[in-house]
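Engineer: Quick one: structure below, then a few questions.
The values are calculated or read from the model by the stated rules, or taken from the named source; none is laboratory data. Just so we're clear, the structure is a prediction, and the values are computed from it rather than from any experiment. FYI the Cβ positions are ideal-geometry reconstructions off the backbone, even for glycines, and counts take in every protein chain you see. Surface accessibility is based on the protein's heavy atoms, side chains included, excluding ligands, DNA and RNA. Shrake-Rupley method; radii C 1.70, N 1.55, O 1.52, S 1.80 Å.
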Amino acid sequence: MKKSKISASMMCSNLVDLKETLEIFEKEQIEYLHIDVMDGTFVPNLGLGVDYIRGLRELTNIPLDLHLMIKDPEYKLSWIGIKETDMVSIHYESSFQVQRVLDWLKPYGCKRFLAINPATPVYVLEEVLDYIDGVNVLMVNPGFAGQKIVPSTIKKAAKVARLLADANRSDIEIEVDGNITPEHAFKLRQIGANIFVAGLSSIFKDDVRMLSKNINLFREMSR
Ligand code: DX5
Ligand code: ZN
């Protein structure tokens, strides 16, 4: 069973409490900071650009989980400041040359994930298993926090786990992203997911005074 990890969705945090939030994350050993990089074209939202990423790296050593919701990422990888301790999710739907993007990501030494939107069939993974370390299964149409899960994505996550098992690639990690409540995390853990994006649906649903408590509950449910 792959180790269960929490990837805290930083678009759900606020700048006022940022330092305190990061101190709590370090105390609670949060494994990743989930950074939703949004270009306003691939998704109808703008968010968390390269300056934010650079600034965050000055505040903490927690590895980054860079969720690139950007069109044609292959030409923009060098803008981002990718480190080998990062996870980087490229969206299948964001480029006409997905295998090339994953190839061009290799020199950065980071973990390479393929992100797939709710309506993207699981079989698209078949031709890229040699080029990925993980799959980011979007449980919502990406771009906004606080959305409700697309019901069909729960069964879809199980299909991803089955496809990986059938290909003898259960080493490939499964991240789930979007409306991951503690209850959804519990169910998805049973299905085979091991990286849980924690946002407004879980750890950030209250103010910073409840953050530690919410992290421990989420950890319990996704263990
Ligand atoms: C959705 C984002 C998620 C989201 C998670 O596009 O990728 O990271 O912020 O937060 P909640 O739990 O609010 O869906
Ligand atoms: Zn995300």
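Engineer: Quote to one decimal, in nm, the extra length available between Lys83 and Ser170 on full extension: 0.36 nm per residue of separation minus the C-alpha distance between them. Please list the in-between numbers first.
Structural biologist: Working: separation 87, 0.36 × 87 = 31.32 nm, distance 2.49 nm.
The Lys83-Ser170 span can extend by a further 28.8 nm.
Engineer: Given H placed on each backbone N at 1.01 Å, which residues far from Ile174 in sequence or on other chains put an amide H within less than 5 Å of it?
Structural biologist: Counting only residues 5 or more places away or on other chains, the set is Val135, Asn194, Ile195.
Engineer: At 0.36 nm per residue, and after removing the present C-alpha to C-alpha distance, how many nm does the segment from Lys71 to Lys106 gain when stretched out fully? Can you show the working numbers first?
Structural biologist: Working: separation 35, 0.36 × 35 = 12.60 nm, distance 1.91 nm.
The span from Lys71 to Lys106 would gain 10.7 nm if fully extended.
Engineer: Let me have the relative contact order for the range 34-147, percent, based on Cα pairs under 8 Å that are six or more residues apart. The partial results should precede the final answer.
Structural biologist: Numbers: 193 pairs, mean separation 26.4, N = 114.
Relative contact order of the range 34-147: 23 percent.
Engineer: Could you work out which residue, out of His67, His184, His34, moves most in a Gaussian network model of the chain, that is, has the largest mean-square fluctuation with Cα springs under 10 Å?
Structural biologist: Top of the fluctuation ranking is His184.
Engineer: Would you mind working out the accessible area per residue for the range 81-192, using a 1.4 Å probe, and quoting it in Å²? Mind showing how you got there, number by number?
Structural biologist: Details: 5050 Å² over 112 residues.
In whole numbers, the range 81-192 has 45 Å² accessible per residue.
Engineer: Measure off, as a whole percent, the carbon and sulfur share of the 1.4 Å-probe accessible area of the chain, all protein chains present. Don't skip to the answer; put the middle values down first.
Structural biologist: On the way: 5560 of 10310 Å².
Taking all protein chains in place, the chain shows 54 percent carbon and sulfur surface.
Engineer: I've got another one for you. Along the charge dipole of the range 5-221, which of Leu138, Gly81, His184 sits closest to the positive end, that is, farthest toward it, with unit charges on the beta carbon of Lys, Arg, Asp and Glu (+1, +1, -1, -1)?
Structural biologist: Checking the options against the dipole of the range 5-221, the answer is His184.
Engineer: How high is the relative contact order of the chain, in percent, with contacts defined as C-alpha pairs under 8 Å that are six or more residues apart? Before the final figure, lay out the partial values.
Structural biologist: Working: 427 pairs, mean separation 44.8, N = 223.
Relative CO of the chain lands at 20 percent.
Engineer: Setting aside same-chain residues fewer than 8 positions from Lys2, which lysines have a Cα under 28 Å from its Cα?
Structural biologist: Partners found: Lys27, Lys83, Lys106, Lys111, Lys148, Lys155, Lys156, Lys159, Lys187, Lys205, Lys213.
Engineer: Taking R0 as 25 Å, what's the FRET efficiency between Val16 and Ser212 from their Cβ-Cβ distance, rounded to 0.05? Could the numbers behind the result be given before it?
Structural biologist: On the way: r = 18 Å, r/R0 = 0.70.
The computed FRET efficiency comes out at 0.90.
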